[in-house]
Amino acid sequence: MGLAWHVVHALRGTHPYLQLPRPPVRLLVVSESWAQMDPLCEKLWNFLDPGEVDDRVTYSPGEGFRGFREPHIPFVSGPGNPTRGKVGSVLHFATYKQGAKRIAGGQFHGIAADEPMPETVFGELAPRLSRYHGWFRMTFTPTPESPDLTYLREEVAKAHAHYRATGQWHSAHWRELVTEVNLDALTPRGGLVEVPWKTQDELDELIASYLDIERGMRVRGDWDPVSVDRLLTAYSNDNLVAERGLPGGRWYIAVGIDHGAKAGRQAAMLVAIDEEGKEVRYLDEACSDGRTSPKDDATAILDMLRRHGWTWEDVDHWVGDRSHSGDRFGNAKSNQDLMQAFTEVLNTPEHRLRGKGLDIQIPRKERGSMYRGIRLMNGLFKERRAFIHARCQSLIEAITGWGGALDDAKKDRIDAARYATERLFDERRLQLPSSAFVG
């Protein structure tokens with residue numbers, strides 16, 4: 001919201017705190033992806049006045065701005081176009097993934113970045129400010145999944161060194177402004193009654209919901225994550241069950257799959273959730289000890305289902321990771337390879353399998369998705385809404401022993417369980433646990 005407010009005032013030339021170029025100006029808003037940018041677009045739209053911008057521009061939640069082939073917002077009246085001429089302020093949009101192609105040759109009075117960018121992207125954007133000596137503002141919360149921000153830290157350190165030497169901030173240097181998550185920061189000032197957006201108890205619950213590895217980054221703006229022995233700290237023996245089967249009532253079943261080429265890296269998890277989303281059960285697993293083929297994986301998954309008296313037709317949701325290119329010995333794997341293996345093992349054409357529900361979907365993989373899923377599972381364990389069957393020894397070992405290393409085989413087992421858990425909550429439109437903050 002703060003970034004949107006800053007951008008709109010910069011376009012109008014009405015910023016109350018900063019001396020910025022007078023309109024008309026050209027600004028650029030960039031983010032990692034269009035989906036990541038959408039919350040910012042919504043707030044930008046809400047700050048605009050009726051008739052202030054070209055009436056061809058519209059905003060649709062989840063779809064962004066429409067009206068022009070290349071998304072942009074021209075100002076046609078008001079302070080953003082003081083002369084009501086043909087040329088008023090214009091707001092352009094781009095994503096990090098588009099790189100220099102989207103902004104080739106462009107020059108801007110200011111760039112607003114929503115979410116941290118890799119150094120290569122910064123190197124492409126910074127020269128676009130040279131003609132107008134423009135400003136660059138980046139707003140984000142550091143997370144363990146942020147790109148390498150060493151370059152940004154060095155720029156901030158350079159600014160502080162200059163200030164210590166001269167007593168002044170250099171306009172060409174980066175300055176770091178941090179707002180800590182506390183009750184004071186969550187209290188709007190200036191009204192008749194100053195009421196915080198959250199109570200202290202709600203704030204404490206929010207902070208407690210963060211994983212230990214990320215809590216300092218999200219609360220205090222720390223640059224670095226904290227090394228921990230395990231991420232899923234809420235799991236305990238109270239989340240372990242020994243009985244087979246499921247309690248009465250309607251349950252939905254999902255199979256989550258993480259493809260692995262190397263020995264011991266293939267994992268599939270059988271997960272169930274009750275109709276109201278009050279309880280999640282991790283029922284069984286099919287994890288490899290050595291190297292496997294897609295046919296081996298398909299057979300292991302079907303055997304896992306048979307142990308519970310089910311067939312592939314009883315599964316409500318299938319979700320499998322993106323394709324794996326294999327290693328130096330080959331053994332590439334993908335959802336399509338696994339589908340082909342199912343057709344061979346079941347002796348059933350693929351179109352019939354898909355027609356009856358065996359259609360393996362890819363999980364959400366945007367930046368931050370892994371930690372959102374881990375927080376979801378941790379919240380379920382904390383509220384005693386998730387339970388693991390004693391048969392799932394590989395999953396239990398992973399949950400109690402994974403400290404966050406991305407190349408650890410334990411992560412593959414947790415990912416398989418996470419994919420299925422997320423899909424069940426997404427597809428069933430179920431309420432997330434209150435202790436699993438996903439913002």
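Structure notes:
- Among (i) 4, 12, 15, 19, 19, 13, 7, 6, 4, 1; (ii) 4, 18, 24, 22, 18, 11, 4, 0; (iii) 4, 17, 21, 17, 13, 10, 9, 6, 2, 1, 0, the entry derived from the coordinates for P(r) over Cα pairs in 10 Å bins from 0, in percent: (ii)
- Positive minus negative residues near Phe381 (Lys, Arg vs Asp, Glu; Cβ under 13 Å): +4
- Computed [θ] at 222 nm, deg cm²/dmol, the chain (DSSP H ≥ 4; -39,500 (n - 2.57); rounded to nearest 500): -10000 deg cm²/dmol
- For peptides 360-369, 26-35, sequence by mean Cβ density within 10 Å, most packed first: 26-35, 360-369
- Ratio of Rg to Rh over segment 194-345 (Cα coordinates, Kirkwood Rh, two decimals): 1.08
- One equal scatterer on each Cα of segment 177-275, no solvent, Debye formula: the resulting log10 I(q)/I(0) at q = 0.14, 0.15, 0.21, 0.24 Å⁻¹ is -0.89, -0.94, -1.13, -1.23.
- Proxy reagent accessibility, fewest Cβ within 10 Å first, across Met1, Met217, Met377: Met1, Met217, Met377
- Projected label points at His15 and Phe47, each 7 Å from Cα along the beta carbon direction, are separated by 1.0 nanometres.
- 0 to 90° range, to nearest 10: angle between helix 369-382 axis and the chain longest Cα axis: 60
- Each Cα pair under 8 Å and six or more residues apart adds its separation to the average, and for segment 2-140 the resulting relative contact order is 28 percent.
- Share, in percent, of DSSP beta bridges within segment 1-148 that are antiparallel, nearest 5: 30
- Compactness index (Cα Rg / 2.2 N^0.38 Å), segment 1-115: 0.99
Since every read-out is calculated from the coordinates, none of them should be taken as a lab result. All of these numbers come straight from a predicted model, not from anything done at the bench. We place every Cβ from the backbone using ideal geometry, glycine too, and count neighbours over all the protein chains shown.
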